[in-house]
Structure formats: C-alpha cells, structure tokens
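Below: one structure, written as structure tokens.
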Amino acid sequence: MRWIANKREEYICGKFPMEIELSDDGWCGLKYELLTKKIEHIFFCATGITVASILYDGKISACPHISRDLTIQGDALKERFSNVWSNRFKLFRNRNWLKKGKCKNCEEWLYCRGGPMHYRDKNGTMKKCIYDEVKEVDHYEESLKSAESLMNSRIRIQDFPTIF
C-alpha cells in the first residue's frame, strides 16, 4: 500500500504518468483509504443501501455474496421489487446492530460501519476484518507517518464526509 500511496503522490505532482488506486473488498483504515484511493472510491459496503440483486430463483437479495439467511428480503415472483426496496433492507440501512465483537470499540467505526457484509455470518458476526489484517503488516504505523503529509495536503480528516 505504501507503493500505491507513493505513486499517487508522484502522479499528483506530475512525476508519474498514470493514476492508480487500491482496489479491495474491505476497509483498510481511514489513513490508507485516503492515501490509496480517490475520495469517491473510499470503501463502503453499499449492500442494501444502493445495491440489491434479483437471484436466479426470483429472490430479492441485498447481495449475492452474502449468506442467504441474512440477505433475502423478498421474492420478485410474488411482490413488486419497488415495494421490497422501499420497505425492507432495514438491517442494511441501519448498521448499528453490527457494532459488536471486534467492531464494538473500533476507532474506525464511524467510517467503516462494520465493513463488508459478505465477511459476516448469518447473525452478523464478523468473520474477517481487512483493517485488522492491514494493522498486522510490518511497519504499519511508520508507513502512515511517512505518508501523512500527502494526506494532509489532499484532505483533512475533519472534512471527510460521514457516510450517514
């Protein structure tokens, strides 16, 4: 990730010919998100908020990658999709119920909101946390400090829009 942050800084300064971004399926922590992506591409799981699916059997799902026990919200063969979209998906739109276990006291909760739903079991328990994995990388804190000046010149954390 340090390499991506450095290449983004070089691109901004006109020293690298191509804009690159990190592509991931989980929250990497606010500092790395800001250093490795455009602000509009910062990770947030949009499952059930702006994303829904109609599965092969007509079931209306928040995401085909999530446990069917958690994601099925209706049946397009029996009810109008617009009605299901407007009146269900509540557990995806208010994620405070996910603030438990590892997430309960996490300093990144305001931005992450529990990470990707496909890393949760049918009870909402976190099975995998990308942020935890990123923190385990050697020299995580030193790499953040060395790149912090770039982040501060691009955006201030207090200017970061909250998701809700």
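Values in this text are rule-based calculations from the coordinates and carry no lab data. Note that the structure is a prediction, hence the values are computed from the model and not measured. Don't worry about glycine lacking a Cβ; one is built from the backbone with ideal geometry, like all the others, and counts go over all protein chains shown.
Here is a list: 106, 28, 63, 45. Which entry is surrounded by 14 or more Cβ atoms within 10 Å (Cβ to Cβ) and without any contact (Cβ under 8 Å) to a residue 40 or more places away in the chain? Give the steps one after another, and end with the answer.
Details: 28 fails: without any contact (Cβ under 8 Å) to a residue 40 or more places away in the chain; 63 fails: without any contact (Cβ under 8 Å) to a residue 40 or more places away in the chain; 45 fails: without any contact (Cβ under 8 Å) to a residue 40 or more places away in the chain.
That would be 106, the only listed residue that is surrounded by 14 or more Cβ atoms within 10 Å (Cβ to Cβ) and without any contact (Cβ under 8 Å) to a residue 40 or more places away in the chain.
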### Task
Of the conditions (1) touching a Gly at 6+ places or on another chain (Cβ under 7 Å); (2) buried (at least 20 other Cβ atoms within 10 Å of the Cβ), residue 93 clears all except one; give me its number.
(2)
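Looking at segment 6-90, what helices (runs of 4 or more DSSP H) fall wholly within it and have at least 1 residues that are under 14 Å from the mean Cα position of the chain (by Cα) and under 23 Å from residue 128 (Cβ atoms)? Walk me through how you get there before you give the answer.
Numbers: elements: 30-36, 68-71, 81-87.
Output list reads 30-36.
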### Message
So residue 127 passes all but one of these: (1) touching a Phe, Trp or Tyr at 6+ places or on another chain (Cβ under 6 Å); (2) of a type outside the set (Gly, Ala, Ser); (3) surrounded by 18 or more Cβ atoms within 10 Å (Cβ to Cβ). Which condition number does it fail?
### Response
(3)
